[in-house]
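Below is one structure, written out as structure tokens; comments come after it.
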Amino acid sequence: MKSHKLLMIPGPIEFDPAVLAAMSVPTSSHTDAAFIQTFGEALEKMRQVFQSSQGQPFVVAASGTFAMDVAAANLIEAGDRVLLLNIGYFSERFGEILERYGAKVTQIKAAIGARPDPQLVEDELKKGGYKAIFFSHVDTSTGVLNDVPTLAQLAHRYGALCVVDGVCSIAAEELRMDEWGVDVALTASQKAIGVPPGLALWMVSQRALEVCRTRKTPVANYYGDWLKWLPVMQAHEARQFDYFATPAINLIRALNVSLSQIVAEGIENRYARHRRMSHAFKAAMNALELDQIPVSEEIAAHTLTAVRYPKGIQASEFLPRVAQEGVIISGGLLPPIKQEYFRVGHMGNISFGDLIGTISAIERALAGLGYRFAIGSAVAAAQRALQEAA
Ligand code: PMP
């Protein structure tokens, strides 16, 4: 028996033993030369993961919401117009944050399970006056994947910055920050980055840094002021010490181990592996004749799958049964349909065996609740999909 249940939620995820081991060493001084080296290496590797040699990486002790908060705090001044593309729960959050900083937010809200039509986005941007567009790459509540390159291109065509919440995508979904012209890409450690919760990570284009430098009003968030952190990040990348606030030393050690693993796998291989895993999991759900929240597989994320319960099966019975089988998965999150679906995360260093084990646990839970299907059919569909992709 495993000593813990397999954590297959859309973050936090299962963490690699080497990453966890890196956290459990005695904490050094933040001025220690070896730590400065580690921090600098981690910042350099972030460039490979975000595919950005030109951008500026930041790592700060916080969660993903903080990275969202400070993207708005640093770029927005009262009265600025922002276009928010809303695909679910975390898009709503971005809207609330933007309004806190005085943005005038216009929303394009996609139907549940859909993503915004680029034509509607262009029609809105054409009206002019937008400082930025904000959107999630993957919304964790719906499992919908946005089309970042198309949206980034539209933003730039109409002179707006492009800010991407990549909390549920970065290091798993394809993201080419420089090539696509993304101005801010942000995430948190506990998802595909593969490090326990506690670090916010983001990368800012030079263009967006310049917008921040030329603000008329001070950034209304002291701990999150990009320009307070900028000298610290630049110093560490140059293997020098600088201080603004104490870094999360042990988490940054773990981050460097995880980013080393990601870089060793190769970011393109990692995207492909996530696509394979996602395809196999979705094939399994199709074999069970369970619907998914995204309206088509083409717009479905590869980091998680959001699945509707069959008729007559309740979250309150199903999720504990899956847990009894040794696997933790999530319930729904989007308020209007919260009770109607469950979510399974399949990102990071999980094995195909973990994926198959999760599908098997779902089958057993469904069978135990009286859902009629050919037992083993979902596992077989996933195995076939993995085999075909090999
Ligand atoms: N955005 C997205 C897409 C997320 O999935 C999450 C976390 N589930 C957040 C933002 C917020 O991140 P955190 O919980 O680390 O603050």
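Here are a few things to note about the model shown:
- Residue satisfying condition, being under 12 Å from the mean Cα position of the chain (by Cα), near the ligand (Cβ under 10 Å from one of its atoms) and either open to solvent by 10 Å² or more (accessible area, probe 1.4 Å) or modelled with pLDDT under 95 (or both), within set Val167, Val138: Val167
- Any hit, segment 118-135, residues being within 22 Å of Pro335 (Cβ to Cβ) and open to solvent by 10 Å² or more (accessible area, probe 1.4 Å): no
- Those residues of segment 71-99 which are within 12 Å of the ligand (Cβ to nearest atom) and touching a residue at least 24 places away in the same chain (Cβ under 8 Å), in sequence order: Ala71, Ile87, Gly88, Tyr89, Phe90, Ser91, Arg93, Phe94, Ile97
- Subset of segment 170-195 [surrounded by fewer than 24 Cβ atoms within 10 Å (Cβ to Cβ), within 12 Å of the ligand (Cβ to nearest atom) and closer than 20 Å to Ala264 by Cβ]: Glu173
- Restricting segment 204-238 to residues that are more than 24 Å from Gln48 (Cβ to Cβ) and basic (Lys, Arg) leaves a set whose member that is most open to solvent (accessible area, probe 1.4 Å) is Lys216.
- Test for Gln107: is it out of contact with any Lys or Arg (no Cβ under 9 Å at 6 or more places or on another chain), more than 16 Å from the ligand (Cβ to nearest atom) and closer than 22 Å to His156 by Cα: yes
- First in segment 133-144 and small (Gly, Ala, Ser), second anywhere and part of a loop (DSSP other than H, G, I, E, B) and more than 8 Å from the ligand (Cβ to nearest atom), Cβ under 7 Å, 6 or more apart: Ser136/Ile87; Ser136/Asn146; Ser141/Gly88; Ser141/Leu333; Ser141/Leu334; Gly143/Ile293; Gly143/Pro294; Gly143/Ala301
- Trp202 meets the stated requirement of being closer than 11 Å to Val60 by Cα, in contact with a Pro (Cβ under 9 Å, 6 or more places away or on another chain) and of a type outside the set (A, V, I, L, M).
- With respect to being among the basic types (Lys, Arg) and farther than 30 Å from Gly376 by Cβ, Arg253 fits the description.
Residues are listed down the side, and each one gets a yes or a no for (1) surrounded by fewer than 18 Cβ atoms within 10 Å (Cβ to Cβ); (2) in contact with a helix residue (DSSP H, G or I) (Cβ under 8 Å, 6 or more places away or on another chain); (3) of a type in the set (Ser, Thr, Tyr):
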site: Val19; (1), (2), (3): no, yes, no
site: Val25; (1), (2), (3): yes, yes, no
site: Gln37; (1), (2), (3): yes, no, no
site: Ser52; (1), (2), (3): no, yes, yes
site: Ala61; (1), (2), (3): yes, yes, no
site: Gly64; (1), (2), (3): no, no, no
site: Val70; (1), (2), (3): no, yes, no
site: Ile87; (1), (2), (3): no, no, no
site: Ile97; (1), (2), (3): no, yes, no
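- Applying a threshold of 6 Å to beta carbon distances and a minimum spacing of six or more residues, or different chains, the list of pairs starting in segment 5-23 at a residue that is basic (Lys, Arg) and ending at one that is part of a loop (DSSP other than H, G, I, E, B) reads Lys5/Gly326.
The values are calculated or read from the model by the stated rules, or taken from the named source; none is laboratory data. None of the values given here were measured: they were computed from a predicted structure. With ideal geometry, Cβ positions are generated from the backbone for all residues, glycine too; neighbour counts draw on all protein chains shown. Remember, those area values only see protein heavy atoms, side chains included, never the ligands or the DNA or RNA. Shrake-Rupley method; radii C 1.70, N 1.55, O 1.52, S 1.80 Å.
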